[in-house]
Amino acid sequence: MIHMIQGIVVRESGVELEQFDESFLGEGDVVVDVAYSDLNYKDALAVTGRPGVVRTTPLIAGIDLVGTVAESDDPRWSVGDWIVLNGAGLSETRNGGYSTRARIDGKLAVALPDGLSPEAVASLGTAGYTAALSVMRIVMEGVNPGDGPVLVTGATGGVGSIATMLLAAAGFEVAASTGRLERFGDYLTSLGASQLVPRAELEGAGKPLQKAQYAAVVDSVGGEVLANAIARTLPNGTVTACGLAGSHKLPSSVMPFILRGVTLAGIDSVWAPLEDRADAWRLLAKGVDTTQLELMTSRIALDEVIAAGQQLLDGERHGRTLVTLS
Ligand SMILES: NC(=O)c1ccc[n+]([C@@H]2O[C@H](COP(=O)([O-])OP(=O)(O)OC[C@H]3O[C@@H](n4cnc5c(N)ncnc54)[C@H](OP(=O)(O)O)[C@@H]3O)[C@@H](O)[C@H]2O)c1
């Protein structure tokens, strides 16, 4: 019997929800019945046909998947195991998670951490896992809760919301920066932010060294916001940069690095090694309030993903979006 699969396919001619058989899935040593995916900034770019994510067509979109193993040639995985795979080329060069079935390379897949349901893991998705990698890096660089507040930019977004939650759970004072303070100030406070910083304060060309006030920064915005955040980082502080929601540019200078010993740490979730992935998921299981996560997550079905992607790019969504496939 031919098993028909539904998925969101990006082609040169456009992006559509299509039906196809297993031969479309491509190479891989593990077949997964996908139960959930989610919507990240990169997914929004891919499903609205923007360039920069999908590098070969036709390709199934979706940078994350959570599901159960249906077939496996990888000794790490058995039929029925729940797994999560984030990045690792999904929706870039390999077929991704917006598909009821996927054939993946099992090497970078992670077992679901104790304490998080499959839905919670998918709700967190790449955004949550990247927030965890950022927080892990800040701690690894030696920043402690007593050193001063941590600035989170793009705080109402996926990475920003989860970073705020994880940092607060780890005892850090969080200064959350947002362009939507009036609408989402209470939301950010409920996630654990103790200071709210209007995005406008970090916009515009600023001096390379400003009043130092943040022990660390989690930035997903880039551009002048990142440059001004670096300029306000305390001596020996760490700034993690993972995103470009505002701009891919960095109009900064070497001054904060050579006069204040600031570290700029890049975060790449796509090809992070297996050990870091497992650590990040353990940190999420420890630091995320799942009731809070549910409150900040909206659910959509596969046939609603393309429209939701456009809304995300238009700044009409906040928090996380869970995509249910089964
Ligand atoms: N390096 C990696 O491995 C990795 C992994 C995950 C994500 N990322 C990147 O990180 C970024 C954020 O991802 P996400 O999933 O959190 O996206 P998201 O949910 O859309 O959040 C992005 C947030 O950035 C702020 N923002 C949006 N447009 C802006 C603009 N023009 N200028 C300044 N701020 C703006 C908004 O926050 P406020 O309204 O609160 O200001 C928005 O909520 C994206 O660039 C994504 O590609 C990278």
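For residues in region 19-40 being of a type in the set (S, T, N, Q) and in a strand (DSSP E or B), which is surrounded by the most Cβ atoms within 10 Å (Cβ to Cβ)?
By that ranking, first place goes to Ser37.
Could you run through region 41-61 and say how many residues are under 21 Å from Gly157 (Cα atoms), open to solvent by less than 10 Å² (accessible area, probe 1.4 Å) and touching a residue at least 40 places away in the same chain (Cβ under 8 Å)?
5
I want to confirm something. Restricting to region 69-100 and keeping residues that are polar (S, T, N, Q) and without any contact (Cβ under 8 Å) to a residue 40 or more places away in the chain, which single residue is surrounded by the most Cβ atoms within 10 Å (Cβ to Cβ)?
Looking at the filtered set, the residue picked out is Thr93.
Can Val10 be described as in contact (Cβ under 8 Å) with a residue 24 or more places away in the chain, out of contact with any strand residue (DSSP E or B) (no Cβ under 7 Å at 6 or more places or on another chain) and either within 16 Å of the ligand (Cβ to nearest atom) or part of a strand (DSSP E or B) (or both)?
no
Consider region 201-229. How many of its residues are open to solvent by 50 Å² or more (accessible area, probe 1.4 Å), more than 10 Å from the ligand (Cβ to nearest atom) and either not assigned by the TED database to the domain that holds Thr164 or not basic (Lys, Arg) (or both)?
Summing the residues that are open to solvent by 50 Å² or more (accessible area, probe 1.4 Å), more than 10 Å from the ligand (Cβ to nearest atom) and either not assigned by the TED database to the domain that holds Thr164 or not basic (Lys, Arg) (or both) in region 201-229 gives 5.
What single numbered condition from (1) on the phi > 0 side of the Ramachandran plot; (2) touching a residue at least 60 places away in the same chain (Cβ under 8 Å) fails to hold for Gly171?
That leaves (2) as the condition not met.
Restricting to region 292-304, count the residues that are part of a loop (DSSP other than H, G, I, E, B) and open to solvent by 60 Å² or more (accessible area, probe 1.4 Å).
Result for region 292-304: 0.
To keep it simple, each residue is scored yes or no on (1) open to solvent by less than 50 Å² (accessible area, probe 1.4 Å); (2) small (Gly, Ala, Ser); (3) at pLDDT below 95; (4) outside any helix (DSSP H, G or I).
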{"position": "Gly261", "(1), (2), (3), (4)": "yes, yes, no, yes"}
{"position": "Ser269", "(1), (2), (3), (4)": "yes, yes, no, yes"}
{"position": "Arg277", "(1), (2), (3), (4)": "yes, no, no, no"}
{"position": "Lys286", "(1), (2), (3), (4)": "no, no, no, no"}
{"position": "Ile306", "(1), (2), (3), (4)": "no, no, no, no"}
{"position": "Gln311", "(1), (2), (3), (4)": "no, no, no, no"}
{"position": "Gly315", "(1), (2), (3), (4)": "yes, yes, yes, yes"}
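Looking at region 183-200, which of the residues that are within 11 Å of the ligand (Cβ to nearest atom) and open to solvent by 50 Å² or more (accessible area, probe 1.4 Å) is nearest to the chain's Cα centre (by Cα)?
By that ranking, first place goes to Arg199.
Tally up the residues in region 139-165 that are touching a residue at least 40 places away in the same chain (Cβ under 8 Å) and touching a helix residue (DSSP H, G or I) at 6+ places or on another chain (Cβ under 8 Å), please.
Residues meeting the conditions: 14.
Which members of region 151-181 meet the condition of being open to solvent by 20 Å² or more (accessible area, probe 1.4 Å) and within 11 Å of the ligand (Cβ to nearest atom)?
Gly154, Gly157, Val159, Gly179, Arg180, Leu181
Taking Gly128 as the residue in question, decide whether it is within 10 Å of the ligand (Cβ to nearest atom), farther than 21 Å from Thr238 by Cβ and crowded, with 16+ Cβ neighbours inside 10 Å.
When the stated conditions are applied, Gly128 does not pass them.
What do you reckon, is Gly148 in the same structural domain as Glu224 (by the TED database) and either out of contact with any strand residue (DSSP E or B) (no Cβ under 7 Å at 6 or more places or on another chain) or within 13 Å of the ligand (Cβ to nearest atom) (or both)? Step through it out loud before you land on a result.
Details: in the same structural domain as Glu224 (by the TED database): yes; either out of contact with any strand residue (DSSP E or B) (no Cβ under 7 Å at 6 or more places or on another chain) or within 13 Å of the ligand (Cβ to nearest atom) (or both): no.
Judged against the criteria, Gly148 is not a match.
The values are calculated or read from the model by the stated rules, or taken from the named source; none is laboratory data. Please read these numbers as outputs of a predicted model, since none were measured by experiment. When we count neighbours, we look across all protein chains shown, and the Cβ atoms used for this are built from the backbone with ideal geometry, even at glycine. Just so you know, the surface numbers come from the protein's heavy atoms only, side chains and all, with ligands and any DNA or RNA stripped out. Shrake-Rupley method; radii C 1.70, N 1.55, O 1.52, S 1.80 Å.
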